[in-house]
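J.: One structure, pasted below without further comment.
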Amino acid sequence: MRTRLTLWYVAVLSGVLVLYAASALFFLRLALRRELDRALDAQFEGVEDLLVQEPDGTVRMGGHGDENESGRFVEVWSSEGRLLYRGEGLREGELGEAPRPGLPGARTSHASVKLGDDPPRRVLSHRYHFHGRLVLVRIGASERWQRHAFRELLVGLFFGLPVALAIAAFGGHWLARRSLRPLDRMARHAERLTAENLGERLPVENPDDELGHLASVFNLSLARIERSFAELRRFTADASHELRTPLTAIRTVGEVALQEEQKPERYREAIGNMLVALDRLSRLVGSLLTLSRGEASPSLRRQEVRLLDLARESASLLGILAEERGQTIEVRGDGGVTAEVDGLILRQALINLVDNAIKYSPPGAAIVVEVRGDAGGAVVDVVDQGPGIPEEHRARVFERFYRVDAARSREEGGAGLGLSIALWAAQAHGGRIELVSQEGKGSTFRILLPTTGQKGAAESEER
Ligand code: ADP
């Protein structure tokens, strides 16, 4: 990255410098020309005063000494193309061809004329009326000095440019290295991170610059990973603990049964106890599988489902359980409320909620499952007359393996996974679960789902 940055920097800088040098040379050339042209104009004014007409029609330079000197590079032509005067400093054709006969009207122009190997000359041509006739006066001046100045600058730039670029490359490289050093340090620090030291954080040198921002974002991700790791560890520990309890029970029952010769009924009883523990074990493993599969591939087989039908189905599956406890389950609500859901997964969530309502409500209690639609989506309430959930536990009951009263729920066979599965199911459908509970008066678990439509009339049914 350092090298790439430096190369880019040098490439862009050389482009800019070449452009800059080219325009500097261009403007210098213009300025030098303009200066020479101005000098020629001034010289013409002097020459014009000194020109004297001879009787034969030719022209000579009047004046003497220095004044005469100014006529050395002057030519005067008649409008017919006859040479009237040529200064002694000039050779034929040096300031240009003889003008064609019939000069157009008065005009001043400047031009560069190159003849053979001589350095080019700057020539001022001026047409004007002299003693009643049109003549062309040319004054030449060598461009040698201007060319020399131009070439000196060109050479200076030609050798100076690579030097400037080399210095820029060194500077650029140093700057890139300096700016990227914190990134280097971060990378080295990140290399040392493993599952064991996830608590460490990257140094944030300046939180306001881009690298500081990167480090802060990285640290936030680290914090999330650390939290997930901790959760995973706790989950594994809890799961092992939960699995060990029925396993120990099976082992103990088996060992006791085998200690001495027993009557067949005793063996039967032992096998029965083992089956109860096994049943608990397989339910636990089933829940764990549901959760881990759900997390690994949350792909849902969505279909438009009438939620009231789904609620009835879930309730009827648990009907016998409720009957055993003398409880009633009433399913009621709007039969037209539908949602695009995976019926199996949502049914599991409802079963878990109704199962809890049965487990935790006293015998003879009434349980209500109510389906309705509102502006935000579909709502399914599972209302019971159980003991309610104390305020301090409400936020945590959805955590895996969390139980309000561990001893009581374990007796009921719950591992504390039912609500986590229900919550996961709701969230996988883009919904959520709310808990309204009054201690001593019962709880309402409310599943809120995004719906696809609400049609039909309210129905009510009792089981
Ligand atoms: P469990 O398998 O123990 O029922 P859940 O995840 O379903 O696990 O529930 C977590 C805890 O929340 C339960 O142990 C119980 O203490 C409490 N709980 C759940 N549902 C109810 C309810 N309807 N009434 C009272 N307490 C409940």
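J.: With the checklist (1) open to solvent by less than 50 Å² (accessible area, probe 1.4 Å); (2) on the phi < 0 side of the Ramachandran plot in hand, flag the one item GLY57 doesn't pass.
T.: Looking at each condition in turn, GLY57 falls short on (2).
J.: Related question: Quick check on PHE159: is it under 30 Å from ARG4 (Cβ atoms) and hydrophobic (A, V, I, L, M, F, W, C)?
T.: It is true that PHE159 is under 30 Å from ARG4 (Cβ atoms) and hydrophobic (A, V, I, L, M, F, W, C).
J.: Looking only at strands (runs of 3 or more DSSP E) that lie completely in region 321-425, which have at least 3 residues being in contact (Cβ under 8 Å) with a residue 24 or more places away in the chain and under 47 Å from the mean Cα position of the chain (by Cα)? Steps first, please.
T.: Details: elements: 328-334, 337-341, 366-374, 377-383.
In region 321-425, the matching strands (runs of 3 or more DSSP E) lie at 337-341, 366-374, 377-383.
J.: Sort through HIS148, HIS173, HIS189, HIS213 and tell me the only one that's in contact (Cβ under 8 Å) with a residue 24 or more places away in the chain and in a helix (DSSP H, G or I).
T.: Answer to the check: HIS173.
J.: Mind counting the residues in region 285-308 that are in contact with a Gly (Cβ under 9 Å, 6 or more places away or on another chain) and open to solvent by less than 80 Å² (accessible area, probe 1.4 Å)?
T.: So the count comes out to 4.
Let's see how each residue does on (1) open to solvent by less than 30 Å² (accessible area, probe 1.4 Å); (2) closer than 25 Å to LEU13 by Cα; (3) modelled with pLDDT under 85:
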| site | (1), (2), (3) |
| --- | --- |
| GLY171 | no, yes, no |
| TRP174 | no, yes, no |
| ARG181 | no, yes, no |
| ASP184 | no, no, no |
| ARG188 | no, no, no |
| THR194 | no, no, yes |
| GLY199 | no, no, yes |
| PRO203 | no, no, yes |
| ASN206 | no, no, yes |
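J.: So, HIS131, is that one surrounded by fewer than 14 Cβ atoms within 10 Å (Cβ to Cβ), touching a strand residue (DSSP E or B) at 6+ places or on another chain (Cβ under 9 Å) and touching a residue at least 40 places away in the same chain (Cβ under 8 Å) or not? Give the steps one after another, and end with the answer.
T.: Values: surrounded by fewer than 14 Cβ atoms within 10 Å (Cβ to Cβ): yes; touching a strand residue (DSSP E or B) at 6+ places or on another chain (Cβ under 9 Å): yes; touching a residue at least 40 places away in the same chain (Cβ under 8 Å): yes.
Yes.
For (1) assigned to a helix (DSSP H, G or I); (2) farther than 18 Å from LEU180 by Cβ, each residue gets a yes or a no:
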| residue | (1), (2) |
| --- | --- |
| GLY199 | no, yes |
| LEU202 | no, no |
| VAL217 | yes, no |
| LEU222 | yes, yes |
| GLU226 | yes, yes |
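J.: Separate question: Which numbered condition in (1) open to solvent by less than 40 Å² (accessible area, probe 1.4 Å); (2) of a type outside the set (Asp, Glu); (3) modelled with pLDDT under 95 is the only one that ALA311 fails?
T.: With respect to (1) open to solvent by less than 40 Å² (accessible area, probe 1.4 Å); (2) of a type outside the set (Asp, Glu); (3) modelled with pLDDT under 95, ALA311 is out only on (3).
J.: Go through region 216-250 and report how many residues are among the hydrophobic types (A, V, I, L, M, F, W, C) and either open to solvent by less than 40 Å² (accessible area, probe 1.4 Å) or touching a residue at least 12 places away in the same chain (Cβ under 8 Å) (or both).
T.: Total meeting the criteria: 11.
J.: Got a sec? Which of VAL379, VAL397 is more than 9 Å from the ligand (Cβ to nearest atom) and of a type outside the set (Lys, Arg)?
T.: On the way: VAL397 fails: more than 9 Å from the ligand (Cβ to nearest atom).
Every option except VAL379 fails the conditions.
J.: Hey, another quick one. If I ask for residues that are surrounded by 12 or more Cβ atoms within 10 Å (Cβ to Cβ) and either out of contact with any helix residue (DSSP H, G or I) (no Cβ under 7 Å at 6 or more places or on another chain) or free of Cβ contacts under 8 Å to residues at least 60 places away in the same chain (or both), which ones from region 13-27 would you list? Before you say what the answer is, go through the steps one by one.
T.: Within region 13-27, the subset surrounded by 12 or more Cβ atoms within 10 Å (Cβ to Cβ) is 13-14, 17-18, 20-21, 24-25.
The answer is VAL18, TYR20, ALA24.
The values are calculated or read from the model by the stated rules, or taken from the named source; none is laboratory data. Note that the structure is predicted; figures quoted are calculated from it, not measured. Cβ atoms come from the backbone with ideal geometry, glycine included; neighbour counts cover every protein chain shown. Accessible surface is based on the protein model in full, side chains and every heavy atom, while ligands, DNA and RNA are left aside. Shrake-Rupley method; radii C 1.70, N 1.55, O 1.52, S 1.80 Å.
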